[in-house]
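Below: one structure, written as structure tokens.
The values are calculated or read from the model by the stated rules, or taken from the named source; none is laboratory data. Since we're looking at a predicted model, the values are computed, not measured. Ideal geometry is used to build each Cβ from the backbone, glycine not excepted, and the neighbour counts take in all protein chains shown.
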């Protein structure tokens, strides 16, 4: 038979079991947390009609998209979860209750140039709340509060959700008579973290054509720093000069106040006037989230408020607010930084039952009894020598082996061996389950362990 | 803005929230049950190198596959989870502990002609156990025992896992001097359920070129029916005439005996000599699973033992046993048959918190308190009239609404309204959580309710 060398495409994450188990744990935390806030799970197709997926069209997206034909059909793989959501809501709007809250944790596809830490297939973990015509500002405070819960659930504490409001920026640019250039300016200001204030100023002057006065006003504005109360106080100094600005400041205050009510500590949340988000469709609150010890990786969770989710598909006005975690990249970075908790069990089973004699029926019974107590139990029935059985248990990194020899079977007992300490105790199956559970409880911890 | 009519491609399942929640429940049962037997979760890419995916090549698969180029790359979407598993095991064999047990619940893609109940994108829920060189027969008994647990977990009891062994068939055909035609004969016999004995006999005579005596021997053989003990006894009559047959009979007996030890009742398990599975690579035990009240839909869960998983990618001999549930189709059929349990809660939240006054801080606190007790709680903050708020709660089919007026807030209480009975009680948040949990516990049931 001709052998074809196996490989996985570059830019596609494929994990070994121990890491996959940790990844799944993060997905479970996302799923449980999102669901606990009343978001419905959604699962849309990976393949969509290309015309529909690219209704907005143009730009980088179109170059990166996986697009192909099958028969007469012009097809494409989704490149995010927002466009499929827009399609879904437009298509099913009569059957949905608004506000419609959904979460989706799914793979998306972008044929980017392959480079370290960049993926062509990656998970996004999104939540969105879509209103019919209107949507209360409170939703804009709840979304980052949920993200706070998720990140804490992962085991992270050194992160900051940074919040701004596009209306404040738009209003401010209007004050300077720069409304028409506001998009261009915001895209420039967005690069502040990467290129620094001086280079931003240079671009504002040369490429955007601003006066020195205007550029300085902008740099002074985005340099406003301090506690949330201090930043809000500084913003009040601009009040009364532009209606949009005042509206935005009111929204930002409401989000800030209510984030505290939702239990988000000030340490994990900051008003930051440099946040604009590159995308044009955000109209109010915008979010970015950074890991305080790893600012170099940029935002790991971003989103904001938009006024018109599905304008390409339906006449209905559907405002919303949403946020997205780039899960594959986040996992990759946390792993690279050595932050995956090595204490967290990573074996596919809590216990490995090893029959030592010929008759496996007692081993089946013991495995079933311990499984019934909620533990993950693998029965090992290969005809191997004792040493090989233990080598298997070690390679699997299973925390407990359960040995069943003739003596144990005769006594209705089993020998439970702690694979780390080597300690071995003879117990009934019920006692064994309780013992293993108690020992595992000592080790249970978060997926991430900050240093 | 030009409006593009939204649509979802035909052959792609996209569910409304209430059904998606039921589907997710089935996925959760699969995930939990598979994990409880020590299977590691696996997640391989949707896109693979086309050369690798089609290493085996030919046949129906190649016509149905989604294959396309991106830059210089010849790519394809996976059409099952077995080929990606073979690639994974071949690629990572030095890092895996054998037997390697993995489960994968993922979407696969086949561009079949669209028809009712046929999907181009569908979930498969697979388990496989891969040995290095050898694999004990006990694994072939454990696999259907796990499937039994899964189906019972769904709420099904009227199903039957049918088991046969390819060695018995191969040995039997060898006795008749028909070894070279055995593949062809088995594919014909496999159609027995669909076309009946007479037509099978006709094909055996005309297309396979058998003598009348040979055809009758075969029909007599596959007509062996009865309890498992009766079928095994009848097979013993053929013993001693062919080594392969005897080997297969020994395996079938071992599987049958141990399935009982694993707790699978005879009612859910039958030795059935007509099962052959169309695929050529099964070499021992083969499985099919039918819903007893819906034989017309064919097997909903199939698999078997194979001797060489990854021969296209690696010289190593990797025998295995696996089984696959076509989840999307199963869900579609159960829904069509009206078997989805209407009693099972299908709302995205257990409770909807409705603040009646202006200050939402107390409502946030109540929602958080009830959420902390493990319930799914949605906070509703839209500025709407009471009637509209209740209409929303009804459309969402949320079982409980929690009303927070000024009186309740002053007293530290909340009013819990049962949305089905209309009953309303005033409770503390802690009492409210306990009350809702107790009421929901009364309604908890399986996803499937057999009639």
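Residues in the stretch B:358-381 that are within 7 Å of another protein chain (Cβ to nearest Cβ) and surrounded by fewer than 18 Cβ atoms within 10 Å (Cβ to Cβ): 1 in all. Taken over the stretch A:218-232, the criterion of being closer than 17 Å to residue A:167 by Cα and in a helix (DSSP H, G or I) is satisfied by A:218, A:221, A:222, A:231, A:232.
For the stretch A:50-75, the candidate set comprises residues that are within 9 Å of another protein chain (Cβ to nearest Cβ) and part of a loop (DSSP other than H, G, I, E, B); within that set, the residue that is surrounded by the fewest Cβ atoms within 10 Å (Cβ to Cβ) is A:71. Looking at the stretch B:275-307 only, could you name the residues that are modelled with pLDDT under 90 and either surrounded by fewer than 19 Cβ atoms within 10 Å (Cβ to Cβ) or part of a helix (DSSP H, G or I) (or both)? B:278, B:279, B:280, B:281, B:294, B:295, B:296, B:297, B:298 - these are the residues of the stretch B:275-307 that are modelled with pLDDT under 90 and either surrounded by fewer than 19 Cβ atoms within 10 Å (Cβ to Cβ) or part of a helix (DSSP H, G or I) (or both). Report whether or not residue B:260 is in contact with a helix residue (DSSP H, G or I) (Cβ under 6 Å, 6 or more places away or on another chain), closer than 23 Å to residue B:34 by Cβ and either without any contact (Cβ under 8 Å) to a residue 60 or more places away in the chain or within 14 Å of chain A (Cβ to nearest Cβ) (or both). Against the criterion (in contact with a helix residue (DSSP H, G or I) (Cβ under 6 Å, 6 or more places away or on another chain), closer than 23 Å to residue B:34 by Cβ and either without any contact (Cβ under 8 Å) to a residue 60 or more places away in the chain or within 14 Å of chain A (Cβ to nearest Cβ) (or both)), residue B:260 does not qualify.
All of (1) facing chain A (nearest Cβ under 9 Å); (2) at negative phi; (3) within 30 Å of the chain's Cα centre (by Cα) hold for residue B:397 with one exception: (2).
Selection over the stretch B:173-193 of residues that are under 34 Å from the mean Cα position of the chain (by Cα) and in contact (Cβ under 8 Å) with a residue 60 or more places away in the chain gives a count of 7.
Just one of (1) surrounded by 17 or more Cβ atoms within 10 Å (Cβ to Cβ); (2) over 20 Å from residue A:411 (Cα atoms); (3) within 9 Å of chain B (Cβ to nearest Cβ); (4) out of contact with any helix residue (DSSP H, G or I) (no Cβ under 6 Å at 6 or more places or on another chain) fails for residue A:344. It is (3). Return a yes/no flag: does the stretch B:133-156 have any residue that is assigned to a strand (DSSP E or B) and crowded, with 22+ Cβ neighbours inside 10 Å. Checking the stretch B:133-156: not a single residue is assigned to a strand (DSSP E or B) and crowded, with 22+ Cβ neighbours inside 10 Å.
For the condition closer than 30 Å to residue B:373 by Cα and in contact with a helix residue (DSSP H, G or I) (Cβ under 8 Å, 6 or more places away or on another chain), residue A:52 does not qualify. With respect to residue A:203, is the statement that it is closer than 30 Å to residue A:135 by Cα, crowded, with 16+ Cβ neighbours inside 10 Å and touching a helix residue (DSSP H, G or I) at 6+ places or on another chain (Cβ under 6 Å) true? So residue A:203 does not fit the description; no. Of the residues making up the stretch B:263-296, those that are farther than 25 Å from residue B:233 by Cβ and free of Cβ contacts under 8 Å to residues at least 60 places away in the same chain number 4. Residue B:47 fulfils the conditions (1) more than 7 Å from every other protein chain (Cβ to nearest Cβ); (2) crowded, with 23+ Cβ neighbours inside 10 Å; (3) free of Cβ contacts under 8 Å to residues at least 60 places away in the same chain except for a single criterion, (1). Within the stretch A:227-257, being without any contact (Cβ under 8 Å) to a residue 24 or more places away in the chain and over 20 Å from residue A:304 (Cβ atoms) holds for A:229, A:230, A:233, A:234, A:236, A:237, A:239, A:240. Of the candidates B:118, B:78, the single residue that is more than 10 Å from chain A (Cβ to nearest Cβ) and at pLDDT below 95 is B:118.
Which one is nearest to the chain's Cα centre (by Cα), of the residues in the stretch A:14-23 that are within 13 Å of residue A:328 (Cβ to Cβ) and facing chain B (nearest Cβ under 8 Å)? Among those residues, the one meeting the criterion is A:23.
Number of residues in the stretch A:97-114 that are within 7 Å of chain B (Cβ to nearest Cβ) and over 21 Å from the mean Cα position of the chain (by Cα) equals 2. Of all residues in the stretch A:308-337 being within 12 Å of chain B (Cβ to nearest Cβ) and part of a helix (DSSP H, G or I), which is nearest to residue A:277 (Cα to Cα)? The residue in question is A:327. Being out of contact with any strand residue (DSSP E or B) (no Cβ under 9 Å at 6 or more places or on another chain), touching a residue at least 60 places away in the same chain (Cβ under 8 Å), over 30 Å from residue A:335 (Cβ atoms) and part of a helix (DSSP H, G or I) is a property that residue A:434 lacks.
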